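The values are calculated or read from the model by the stated rules, or taken from the named source; none is laboratory data. Not measured: the values here are computed from a predicted model. Cβ coordinates were reconstructed from backbone atoms using ideal geometry, including for glycine residues, and neighbour counts include every protein chain displayed. Heads up: the accessible areas ignore ligands, DNA and RNA and are worked out on the full protein's heavy atoms, side chains in. Shrake-Rupley method; radii C 1.70, N 1.55, O 1.52, S 1.80 Å.
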Amino acid sequence: MYATGLLVVCFLQLVGGSDAHRKVDNTLCTKRSPPKLGIYYSGHKLACNARLHIGDVSKVPRIKFKQGRKGRRYVLVFVDPDAPHPGAKSHDSNYLHYAAVVKKRNGELKPSKVLVHYRGPHPPKGTHRYQFYVFRWKSCKKPVLHNSDKSRGHFNLKRFKKENHLKKPVAVFQLKVPHT
């Protein structure tokens with residue numbers, strides 16, 4: 001019985017059915033992380049680390065941040081840390097799916113300045129994590145961003161935080177999308 005279970009686990013790891021064979025950061029959904037966002041695709045609220053299909057994430061989600069203050073500005077970034085594929089050595093490089101300066105209005109984070117337009121997750125291989133980060137934005141200036149709608153690869157979140165004098169995120173969320 002034990003040997004059969006071990007064979008199944010090894011097989012799942014080989015075909016990519018488990019995150020156990022590579023270091024996967026699921027800490028965005030733990031109690032020690034910042035508050036979680038309310039992410040709604042097609043009117044459905046997601047649980048952190050939910051697995052969705054590519055077709056479910058093609059449009060910009062509604063984003064609620066109950067701890068956010070009305071009128072306060074934030075910077076929202078949505079990244080794929082597993083680009084180009086899960087387990088790849090990316091050297092702090094992410095694929096940028098969305099970036100905007102946002103404000104809380106009517107309970108939701110609404111863009112006041114879109115920096116990079118939304119492009120839904122579409123992993124080329126394996127199951128990718130997709131992460132939303134919200135940072136407090138105090139400046140009146142546009143954030144420093146070296147990426148654009150045409151240049152989304154190699155987004156460096158650490159560099160972005162440093163160049164814009166951002167502290168830890170005030171809210172986070174992670175979802176997963178498998179290649180289909």
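Any residue at all in region 90-98 that is in a loop (DSSP other than H, G, I, E, B) and exposed (fewer than 14 other Cβ atoms within 10 Å of the Cβ)? The answer is yes; a qualifying residue exists.
Exactly one residue out of Tyr118, Tyr74 is within 18 Å of Pro35 (Cβ to Cβ) and either in a strand (DSSP E or B) or hydroxyl-bearing (Ser, Thr, Tyr) (or both): that is Tyr74. Taken over region 124-161, residues that are among the hydrophobic types (A, V, I, L, M, F, W, C), touching a Phe, Trp or Tyr at 6+ places or on another chain (Cβ under 8 Å) and either surrounded by fewer than 14 Cβ atoms within 10 Å (Cβ to Cβ) or more than 22 Å from Phe65 (Cα to Cα) (or both) amount to 3. Given the structure, is Lys176 crowded, with 17+ Cβ neighbours inside 10 Å, outside any strand (DSSP E or B), among the basic types (Lys, Arg) and under 16 Å from the mean Cα position of the chain (by Cα)? For Lys176, the condition - crowded, with 17+ Cβ neighbours inside 10 Å, outside any strand (DSSP E or B), among the basic types (Lys, Arg) and under 16 Å from the mean Cα position of the chain (by Cα) - is not met. Among the residues here, Tyr40 does not qualify as out of contact with any Pro (no Cβ under 6 Å at 6 or more places or on another chain), aromatic (Phe, Trp, Tyr), open to solvent by less than 60 Å² (accessible area, probe 1.4 Å) and in a strand (DSSP E or B).
In a residue-by-residue description of region 162-171, the property of being in contact with a strand residue (DSSP E or B) (Cβ under 6 Å, 6 or more places away or on another chain), crowded, with 17+ Cβ neighbours inside 10 Å, at pLDDT below 95 and under 17 Å from Arg62 (Cβ atoms) applies to at least one position.
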